[in-house]
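Presented below is the structure to which this report refers.
Every number here is computed from the coordinates shown, using simple stated rules; none is lab data. Treat the numbers as computed from the prediction; the structure is a model and nothing was measured. Because the Cβ atoms are built from the backbone with ideal geometry, glycine has one as well, and the counts that use them run over all protein chains shown.
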Amino acid sequence: MQANDLYTAFAGVSQLATGDLRTVLSQVWEYLKQEKQDPVLIFDDQTGKQVDFNFQGTLEQVLARVLPPSPKKGPGRPNLGVVSREVSLLPRHWDWLERQPQKASGTLRRLVESAMKSESQEDRSRRRLEAAGRFMWSMAGNLEGFEEASRALYAGNGAGFAERIASWPADIRQHLERMVQQAGDPAGNSRPCGQYTSSST
């Protein structure tokens with residue numbers, strides 16, 4: 001979870017906020033204070049996955065639970081917002097990591113950054129379409145034409161996809177269209193919803 005990634009919040013079928021994590025959490029916190037009835041769902045736009053946050057307490061407390069502290073000023077190691085999680089490797093992998101100048105954590109971060117930069121356009125397009133599919137499942141799984149829209153999405157049938165979602169609530173439809181457009185195609189072209197691949201069947 002990165003503070004500078006994009007997130008989108010929905011209250012019922014209406015888009016409540018979109019932006020970086022601080023912006024979205026701030027707007028959701030203000031909305032929840034009004035004690036309205038529509039449930040709020042927050043999505044990571046990069047993955048399409050729903051993410052949950054603890055909104056108890058003040059806004060400052062809410063933000064402090066999920067955002068890294070400000071970088072330290074002056075001498076000393078800066079706070080990078082590092083998150084600790086379990087990593088399982090074979091003994092020879094750990095041995096190799098420990099022999100590297102940056103040790104295990106620094107070397108793993110460098111390898112991941114390198115892999116992210118070398119990701120192909122085809123991989124990025126597929127990952128973004130998968131994100132659109134996850135969002136669609138969460139927000140439109142019970143809507144009319146969902147199964148047909150899902151098949152059209154993964155088949156690359158842009159026109160069919162646009163037709164199937166045309167009657168859906170406007171904010172859900174428009175957010176899906178943006179996600180599909182950002183996916184582009186394997187050649188690196190960003191195309192409007194309905195034309196995101198060359199397929200017309």
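Computed quantities for the displayed model
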| read-out | value |
| --- | --- |
| Among GLY145, ALA166, SER125 - extreme Cα towards positive end, dipole of segment 121-183, charges at beta-carbon | SER125 |
| Sequence of ARG128, ARG85, ARG22 once ranked by neighbouring C-beta atoms within 10 Å, starting from the fewest | ARG85, ARG22, ARG128 |
| Spacing of the two label points (7 Å from each Cα toward its C-beta) at ASP20 and GLU144, in nm | 4.3 nm |
| Charge dipole magnitude, Cβ of K and R +1, D and E -1 - segment 84-172, Cα centre, debye nearest 20 | 560 debye |
| Tensor-based shape of segment 7-66 (alpha-carbon gyration tensor, a/c under 1.5 rounded, otherwise prolate or oblate) | oblate |
| Whole-Hz ³J(HN,Hα) from phi, Karplus 6.51 cos²θ - 1.76 cosθ + 1.60, for segment 89-97, glycine and proline x | 9, 6, x, 5, 5, 4, 4, 5, 4 |
| Full-stretch length increase - ARG126, GLN37 - with 0.36 nm per residue and alpha-carbon distance subtracted | 28.5 nm |
| Protection proxy ranking of 46-53, 10-17 - average other beta-carbon atoms within 10 Å, highest first | 10-17, 46-53 |
| Estimated vicinal HN-Hα couplings, Hz - segment 24-32 in sequence order (Karplus 6.51, -1.76, 1.60; Gly, Pro = x) | 5, 5, 5, 5, 5, 4, 5, 5, 5 |
| Distance in nm between pseudo-label sites at HIS93 and TYR154 (7 Å out along the Cβ direction from Cα) | 2.8 nm |
| Label-to-label distance, nm, for residues given as GLN50 and LYS103 (7 Å Cα→Cβ offset) | 4.0 nm |
| Shape category assigned to segment 121-183 from the gyration tensor of Cα positions, a/c cut at 1.5 | prolate |
| Sequence-distant residues sharing a close amide H with LEU16 (under 5 Å, placed H) | ALA9, PHE10, ALA11 |
| Dipole magnitude (debye, nearest 20) for segment 121-183, charges at Cβ of Lys, Arg, Asp, Glu | 220 debye |
